[in-house]
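Please read the structure below before turning to the comments.
We did not get these values from a lab; they are worked out from the coordinates using the rules stated. Keep in mind that this is a model prediction, so the values were computed, not measured. Neighbour counts run over all protein chains shown; Cβ positions are idealised from the backbone, glycine included.
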Amino acid sequence: MLLGDNYSTGYYCAEMAGVAPGGVYAVIGCGTVGLLAILAARQLGADRIVAIDPVAARRSQAESLGAAAPASEVSARDLLRSWTDGRGADAVMELVGLPSAQRLAYDLVRPGGTLSVIGCHCTPNFSFSPVEAYDRNLTYRTGRCPARAYMERLAKEVVASGLDLDRFITHEFSLEDCMRGYEVFSRREQGCLKAAFVL
């Protein structure tokens, strides 16, 4: 169910970040796509990932995928510094789309690093300037995932590995109860990560 968009988009984010064994990465935003970006990064060889999200249930899910998920943004920054001798993450995957997340991504990435941005930024202004990006030799990669191009390849991987994407769907609702489903999802009630409507 999540192959056509969420998993493809998470994988696309990890590939845009240039994830490779030995690197240090940060993921900002641990909704379904962020969690699947963590999963993809692990499959691409990452073993050190810091996950940042204000929701405890999401941080717990991130930890279950092998990421470190400190309870506060300050603790996440400190952990990245300790892992990198103060340099910062090799790449930051930003999946929120808010100015504060954009600035945090800039603050966490090392000089010469990559920002892989899936969060859709709808405001006209960046939270950092072109000069700031220039001075730190940053690569900024963003765009809508070409999901169709990923689906066939990832479907084969899911089947071969027995990967269970259903674990990310925490709530199911009938079509008759769709209004309640949207409420639960939008308010993150009952630890809702992803809601699905079933026939």
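Explain nothing, just compute: Karplus ³J(HN,Hα) = 6.51 cos²θ - 1.76 cosθ + 1.60, θ = phi - 60°, for every residue of the range 5-15 in order, whole Hz, x for Gly and Pro.
9, 4, 5, 4, 5, x, 5, 4, 4, 5, 5
Report the calculated FRET efficiency for ASP135 and GLU183 (r = Cβ-Cβ distance, R0 = 41 Å), to the nearest 0.05. Intermediate results must be reported in sequence, preceding the final value.
Working: r = 45 Å, r/R0 = 1.10.
Using R0 = 41 Å, I get an efficiency of 0.35.
Distances longer than 19 Å among the Cα atoms of the range 3-147: what percent of all pairs is that?
Values: 4616 of 10440 pairs.
More than 19 Å apart: 44 percent of the Cα pairs in the range 3-147.
Please give the calculated 222 nm ellipticity per residue for the chain, where each DSSP H segment of at least 4 residues contributes -39500 (n - 2.57) and the sum is spread over every residue; nearest 500 deg cm²/dmol?
-12500 deg cm²/dmol
Just to check I understand the Karplus step: with θ = phi - 60° and J = 6.51 cos²θ - 1.76 cosθ + 1.60, what whole-Hz values come out for the range 162-174, glycine and proline as x?
x, 4, 9, 7, 5, 5, 8, 8, 9, 9, 10, 9, 6
Take PHE197, PHE173 and order them by how many other Cβ atoms sit within 10 Å, fewest up front. Intermediate values should be presented prior to the final figure.
Numbers: PHE197 14, PHE173 17.
Fewest-to-most Cβ neighbours within 10 Å comes out as PHE197, PHE173.
Please compute the contact order of the chain in relative form: average sequence separation of alpha-carbon pairs under 8 Å and at least six residues apart, divided by the residue count, as a percent.
20 percent
Arrange the following residues from fewest to most other Cβ atoms within 10 Å of their Cβ: LEU80, LEU138.
Ascending number of Cβ neighbours within 10 Å: LEU138, LEU80.
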